[in-house]
1. Counting other beta carbons within 10 Å of each residue's own, what order do Val124, Val151, Val70 fall into, fewest first?
2. What is the extension gain from Glu96 to Lys157, computed as 0.36 nm multiplied by their sequence separation minus the C-alpha to C-alpha distance, in nm to one decimal?
3. Can you tally the net charge around Phe165? Count Lys and Arg as +1, Asp and Glu as -1, for every other residue whose Cβ sits under 15 Å from the Cβ of Phe165.
4. How many nm separate the modelled label positions at Glu147 and Thr178, each set 7 Å beyond the Cα in the direction of the Cβ?
5. Once you've got the Cα coordinates, tell me which of Lys71/Lys203; Lys45/Lys203; Lys58/Lys203; Lys71/Lys201; Lys112/Lys157 are over 20 Å apart.
6. Using 7 Å Cα-to-Cβ label points, what is the Val67/Asp43 separation (nm, one decimal)?
7. Which of the three applies to region 122-214, rounded, prolate or oblate, going by the alpha-carbon gyration tensor with a ≥ b ≥ c and a/c under 1.5 meaning rounded?
8. Can you compute the FRET efficiency between Ile206 and Ala114 using 1/(1 + (r/R0)^6), with r the Cβ-Cβ distance and R0 = 45 Å? Round to the nearest 0.05.
Amino acid sequence: MSCRLSTLSALSLSALILLPTTLSANPVRNAELSARLYEAAVDLKDPMLAIAAARLRKSVLARRVDVEPVKDGPAPSDPTYDRLMSWQDMLDTARELAPGDEVIAKLAEDVKFAGTKGVTSGEVYSITTIRAGGTDSYPPMTYTGGEYADVYIEGAKSSADLNVFVRDKQGRLVCSDTDISAIAYCGWRPGATEGYTVEVKNKSGIATSYSLITN
């Protein structure tokens, strides 16, 4: 496969790949951006984008916390997925998109052995499954007033359509992401320190597992 790109896109991707591993101090945002890049890489069959996604995903170090949602029906079993997609998986995709390409192989090796500067950590509040058309409701999670808060959802199946909704203690909607995608991001700045509820809806006709990360 040829890796020829337009001059503009080649320069943009080169700049992204050469940036420090952590573009942001926010692990939730880094997780979302790496997923968006990877999604574009698969759609465009672009190994350079897959490598950029892997480099950014490598900066995300998540810690699992046992907080489970209330489900509106039986949860399907999905033993094939129990974590966020790894940067290693993304590098494998880059190599598969450009078999035998020495440049891509070298860039993938550079990411593999590169250290991570300022590794950030986020908390994975849930790694669970959701039925087709199902809704998961999380118990209130406390966020600090005046400090930016965000929630990120990443589904295992790219054909799933996951939406996220955040409500304050009065039940008012403060943030949502309802685009047609297996990933969803929601960010807001709480006016006061209080508990916010997070709701995940699967609008697609297939069950999937997903991870939820929040700060």
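Please treat every number below as a calculation from the coordinates, not as lab data. This one's a predicted model, so the numbers in the text were calculated from it and none came from an experiment. Don't worry about glycine lacking a Cβ; one is built from the backbone with ideal geometry, like all the others, and counts go over all protein chains shown.
1. Ordered from fewest to most neighbouring Cβ atoms within 10 Å, Val124, Val151, Val70 come out as Val70, Val124, Val151.
2. 20.0 nm
3. -3
4. Placing both labels 7 Å beyond Cα along the Cβ direction yields 3.1 nm.
5. Distance filter (> 20 Å) returns Lys45/Lys203; Lys58/Lys203; Lys112/Lys157.
6. In this crude spin-label approximation the distance works out to 3.1 nm.
7. Verdict is prolate for region 122-214.
8. About 0.80, to the nearest 0.05.
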